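The structure under discussion appears below in the form of structure tokens.
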Amino acid sequence: MKLSGKTALVTGAGRGIGKGCAVELARAGADIVLNDRPESPDVKSAAEEIRALGRKCHVITADVFSRPGCEQLVGAALQAVPKIDILISNPAFSRRGAFLDYPPELFEDTIRGTLTSGYHLSQLVARHMVERAGGGKIVFISSVQAQIPSALCFAYGAAKAGLNHMMRSIAVELCDYRINVNAIEPGWIDTPGEHVTFSEETMAEESQKLPWKRMGQPDDIGKAAAFLASSDADYITGVVLPVDGLYRFGHCVAAMGPQLKDAN
């Protein structure tokens, strides 16, 4: 219970990675302000799961893809709880498409929903943390696609790469306030959104091709977030932490296969 007495604001937390983070933070003792989009069908059940762990959970629906929506969320959160100790910034928007045909408005939506929204959220919460002079933890959910130039994902990868750089710059500026700022890069995570894009058969086949022979689960990301939000990570800031089962280096693992067989 290393987060006992702490309150965490987790965005995009109705399902998937956001929910995984919220649940693991609650397991570690934190009370949760749970955010998802206004039309989310999942946020109620996510809140019930957190309350079943014995933690307080406030649900605030808001559209964090805009500055007014972020202001609404943070304002409502600070009416519901006396302080925010931890921010898990998890907004994202992604649509795959070829660069030559990609609509300009879709590119703008991706940058706004993935990078700009992270700026709005973190700035508003950081101002609160600085004002109360109690330090704090900010964790951005990035992606290994910030490092890997994947076909059909150029817009999302660019947004996440920008998020990583912004995180490091924010960490530098907030160091004197003892606010730790870090990012987690998930690999291929088994979330409901992936099942919309890929069939069950494809998911099962592709998971066996991964270095760890399985896809990541939302709680894998949540456990990393709980660590970075804890006092165990007090000397860690400005860091991008991949949590991907070696997805980034899958080609290296595949290349080692024949060599290891020959060596044995």
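A few notes on this one:
- The residue pairs whose first member lies in the range 234-257 and is farther than 18 Å from Asp219 by Cα, whose second member is at pLDDT below 95 and in a loop (DSSP other than H, G, I, E, B), and whose beta carbons are closer than 6 Å, counting only pairs six or more residues apart or on different chains, are Gly250/Pro211; Val253/Pro211.
- Lone unmet requirement of (1) under 19 Å from Ile138 (Cβ atoms); (2) modelled with pLDDT of 95 or more for Gly12: (2)
- The one condition in (1) touching a Cys at 6+ places or on another chain (Cβ under 8 Å); (2) at pLDDT 95 or above; (3) not charged (D, E, K, R) that Ser94 fails to fulfil: (2)
- When residues of the range 214-240 are limited to those that are surrounded by 18 or more Cβ atoms within 10 Å (Cβ to Cβ) and closer than 19 Å to Gln145 by Cβ, the one farthest from the chain's Cα centre (by Cα): Met215
A quick yes/no check of all residues on (1) surrounded by 13 or more Cβ atoms within 10 Å (Cβ to Cβ); (2) over 17 Å from Asn90 (Cα atoms); (3) within 19 Å of the chain's Cα centre (by Cα):
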| residue | (1), (2), (3) |
| --- | --- |
| Pro149 | no, yes, no |
| Tyr156 | yes, no, yes |
| Ala159 | yes, no, yes |
| Gly162 | yes, no, yes |
| Met167 | yes, no, yes |
| Leu174 | yes, yes, no |
| Ala183 | yes, no, yes |
| Pro186 | yes, no, yes |
| Asp190 | yes, no, yes |
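- Those residues of the range 131-170 which are touching a Ser or Thr at 6+ places or on another chain (Cβ under 7 Å) and in a helix (DSSP H, G or I), in sequence order: Ala155, Tyr156, Gly157, Ala159, Lys160, Leu163, Asn164, Ile170
- Condition broken by Tyr119, with the remaining ones in (1) in a helix (DSSP H, G or I); (2) surrounded by 21 or more Cβ atoms within 10 Å (Cβ to Cβ); (3) within 15 Å of the chain's Cα centre (by Cα) satisfied: (2)
- Screening Gly113 on (1) in contact with a helix residue (DSSP H, G or I) (Cβ under 6 Å, 6 or more places away or on another chain); (2) among the small types (Gly, Ala, Ser); (3) in a helix (DSSP H, G or I) shows it passes everything except condition (1).
- The residue that is surrounded by the fewest Cβ atoms within 10 Å (Cβ to Cβ), counting only those in the range 22-80 that are touching a residue at least 60 places away in the same chain (Cβ under 8 Å) and farther than 24 Å from Lys223 by Cβ, is Leu73.
- Qualifying helices (runs of 4 or more DSSP H) (wholly inside the range 182-242; at least 3 residues being within 30 Å of Val172 (Cβ to Cβ)): 218-228
- Residues within the range 147-206 that are modelled with pLDDT under 95 and among the charged types (D, E, K, R), tallied: 6
- Any hit, the range 221-229, residues being at pLDDT below 95 and not β-branched (Val, Ile, Thr): no
The values are calculated or read from the model by the stated rules, or taken from the named source; none is laboratory data. Computed from a predicted structure; not experimentally measured. Quick reminder, even Gly has a Cβ in these numbers, built from the backbone with ideal geometry, and neighbours come from all protein chains shown.
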